[in-house]
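The values are calculated or read from the model by the stated rules, or taken from the named source; none is laboratory data. It should be emphasised that the depicted structure is a prediction, and the values quoted were computed from it without experimental measurement. Glycine also receives a Cβ, built like all others from the backbone with ideal geometry; neighbour counts cover every protein chain displayed. With ligands, DNA and RNA removed, areas are computed over all heavy atoms of the protein, side chains included. Shrake-Rupley method; radii C 1.70, N 1.55, O 1.52, S 1.80 Å.
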Amino acid sequence: MKAEEYYKGYLVNPELLAKDPHLSKGCETCHKGDKSGETKEQAHEGMVKRPSDNLKTCGQCHGKIAAAYGKSLHYTTIGQRQGVMARFSKAELKIFDKRVFEQSCRSCHASCGGCHVKSPPVSGISLGLIQGHKFVRKDEGKTCAFCHGGRVYPEYVGEYGGATDVHYQKGMMCLDCHKKREFHGDGKKYLTKQAVKDRPACTNCHKTINSKTLLTKKAHSVHRGKVSCYGCHSGGQYRNCYDCHEGTGAKAEPGFILGKNPRNTKEVTTLRVIPTVRNSFEKVGIRMEKFDALPNYWNSPVHNIRKRTDRTRSCDSCHTDRTGFLTWETLLKGGAKANERLIHTPKPITR
């Protein structure tokens, strides 16, 4: 059989069997089953369809990585729970953990194979094997993009909003900023991504402003600690989602929102709508007694960065026109009271 004639259903290239060390000991090493079976049914008896869902499988050879990954946010998805739990009473949190988090949120977690062999199912849809059953080191367009393809990746490559991120334009991909330590974890269990050490930051590369223009230097000096890099350098509109948790169908709209960072109200930054509404979990008996404790807008490091934007070209964009700023009039209707504290009105410039 020629290599290009391998069985299309399984996409296991015969040449790959000899080259990839993961396949050297046979399929049953990971997938179990009965290798002595003479029929498909016999051979597949006891077969494990997604062996890396059990991290011990990969841990046989990659012990340290598997042990660390078991505590990472990509695997535990605990960040989703932390992000909403403050809205619940103690009784409601128990219901959420049992009937929502374990049955729904946890389905999003990524096993080793989900990034290195076959994309995980998202809403019941999978891209299938990444490169025929080859164990790939990285392929951001098929792995990162598939799970983060609703907002981040389309914005980054310019498919949503129209402003291609300048880093993508220069040939950079996800792993140029997000290192493998961030994906695999460092062996510590974090509750939110904000708690993860050594997260990517603009200042990791852009430590100083090497501009000959006095106005540029002054702008960075005046706004340091008061406005995030995204606040000025987001290239334009990005995806904001509404009604996703109502069970009536999601609605996405482009938008650009500036306001106070809910995690640091001394800073103005780009905000993204998080579509948790009051009746999001009503069907399982959760009324969200503390709904107003959390805002519906959260600081978002949008991935459509440009060196020059309307806000970098003119101070008037923010200080006179106040373009994009969250206002009382534009607040989400029926949203949480916590949204109100994110409103920021830029002061006019005295010339």
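For the chain, what does -39500 (n - 2.57) per DSSP helix run (n ≥ 4), summed and divided by total residues, give at 222 nm, in deg cm²/dmol to the nearest 500?
Numbers: 19 runs with 99 residues, N = 351.
Only helices count here, giving -5500 deg cm²/dmol.
May I ask you to list the chymotrypsin sites (Phe, Trp or Tyr not before Pro) in the range 292-347 that are in a DSSP loop and have at most 13 other Cβ atoms within 10 Å of their Cβ? Please list the in-between numbers first.
On the way: sites: 297, 298, 325, 328; in loops: 328.
Counting only loop positions with at most 13 other Cβ atoms within 10 Å, the chymotrypsin sites (Phe, Trp or Tyr not before Pro) in the range 292-347 are 328.
Each residue of the range 39-44 was assigned a 3J(HN,Hα) from its phi angle through the Karplus expression (A = 6.51, B = -1.76, C = 1.60, θ = phi - 60°), giving 10, 4, 4, 5, 5, 8 Hz with x at Gly and Pro. Given a 1.4 Å probe and the protein chains as shown, residue 314 ends up with an accessible area of around 50 Å². Across the protein chains, with a 1.4 Å probe defining accessible surface, the residues 186, 310 rank 310, 186 from largest area downward. Each of the peptides 269-280, 334-345 was scored by the mean count of other Cβ atoms within 10 Å over its residues; in descending order, highest first, they stand as 269-280, 334-345. Scalar couplings 3J(HN,Hα) for the range 125-136, obtained by applying the Karplus form with A = 6.51, B = -1.76, C = 1.60 to θ = phi - 60°, are 10, 10, 6, x, 5, 6, 9, x, 4, 6, 7, 8 Hz; x denotes Gly and Pro.
The HN-Hα couplings worked out from phi for the range 286-295 by the Karplus form 6.51 cos²θ - 1.76 cosθ + 1.60 (θ = phi - 60°) are 10, 9, 6, 4, 10, 3, 6, 6, 10, x Hz, whole numbers, x standing for Gly and Pro. Taking Lys and Arg as +1 and Asp and Glu as -1, the other residues whose beta-carbon sits under 14 Å from that of residue 34 total -1.
A cut-off of 5 Å between modelled amide H atoms, ignoring neighbours fewer than 5 places along the same chain, links residue 118 with 130.
Expressed as a whole percent, the proportion of Cα-Cα pairs in the range 278-347 lying more than 14 Å apart is 70%. Solvent-accessible area per residue in the range 201-351 equals 61 Å², computed with a 1.4 angstrom probe and all protein chains kept. Taking the accessible area of the chain, probe 1.4 Å, and keeping the other protein chains in place, the carbon and sulfur fraction comes to 54%. For the range 1-123, the Cα-based Rg and Dmax, in that order, read 18.9, 63 Å.
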